[in-house]
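Participant: My structure is below; once you've seen it, I'll send some questions.
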Amino acid sequence: MYAILQHGGHQYRVASGDRILVDRIPVEVGSTVTLESVLLIGDGSETDVAKGSPVEASVTATVIAHRRGRKIRVFSYKPKKRHRRTLGYRSQLTELLIDEVGRGKASAKPKAAAPKRAAAPKAAKADAVAAEAEAVAVEAEAMAVGAEVAEAEVAAAEQAVEDAVEAEVAESAAEKPAAKKPAAKAAAEKPAAPKRARTPKPKKEPGDGA
């Protein structure tokens, strides 16, 4: 039995055991897919052709791999405009192995209900929030105590520095000798030096011819 199906704008003639490449199907490798857009189905003696709507038939296939088509280069240009552009394209494909071609619609498999997440009780959330708030308060208190201790240490260090400076100043003042008095009396007791007598210079007479 063979069938002609339509997928992604293309038509494929398939039979059981064939492999085909179709446009990418977003499923995992190894999973099973059902293609129901069948245009023709025949078994050699009877053929059903779609007339306005797809034939009531289905094709079951297994996803073997996800592949990429050959690279296509697209080059465009505009003359006298210095416009050149090169693009590349590769099709995203999926390889299918045809398992079965049959008449009639495939029976839909019931989906397993997703397990519901257990809702966390509100009391547990409230307790967690309260514990977090308490931890934050304890941390803030510890930081405040640390700040007070640091301030006390700084004040003690400043006081110690001030005491050391005062003690050094007092010690230097005690060791400093008394200031010497001006030597006014010594200058007064010193005898004055005798004055030298001036020797008069001889006057030049006009008759000397000088």
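The values are calculated or read from the model by the stated rules, or taken from the named source; none is laboratory data. Here the structure is a predicted model, which is why all the values come from computation and not from measurement. Don't worry about glycine lacking a Cβ; one is built from the backbone with ideal geometry, like all the others, and counts go over all protein chains shown.
Participant: Based on this model, can you work out whether E189 counts as surrounded by 10 or more Cβ atoms within 10 Å (Cβ to Cβ) and at pLDDT below 85?
Facilitator: The answer is no for E189.
Participant: I need the full set of residues from the stretch 121-131 which are of a type in the set (D, E, K, R) and surrounded by fewer than 10 Cβ atoms within 10 Å (Cβ to Cβ), in order please.
Facilitator: K122
Participant: Would you mind telling me which numbered condition in (1) at pLDDT 90 or above; (2) not β-branched (V, I, T); (3) not in a strand (DSSP E or B) H66 fails?
Facilitator: Result: H66 passes all but (3).
Participant: Additional query: Of the residues L97, L87, only one is assigned by TED's automatic domain parsing to the domain that holds D18, modelled with pLDDT of 95 or more, outside any loop (DSSP other than H, G, I, E, B) and surrounded by 10 or more Cβ atoms within 10 Å (Cβ to Cβ); which?
Facilitator: On the way: L87 fails: surrounded by 10 or more Cβ atoms within 10 Å (Cβ to Cβ).
Going through L97, L87 in turn, just one is assigned by TED's automatic domain parsing to the domain that holds D18, modelled with pLDDT of 95 or more, outside any loop (DSSP other than H, G, I, E, B) and surrounded by 10 or more Cβ atoms within 10 Å (Cβ to Cβ): L97.
Participant: Go through (1) hydroxyl-bearing (S, T, Y); (2) farther than 14 Å from I98 by Cα; (3) surrounded by 15 or more Cβ atoms within 10 Å (Cβ to Cβ) and name the single condition S16 misses.
Facilitator: That leaves (2) as the condition not met.
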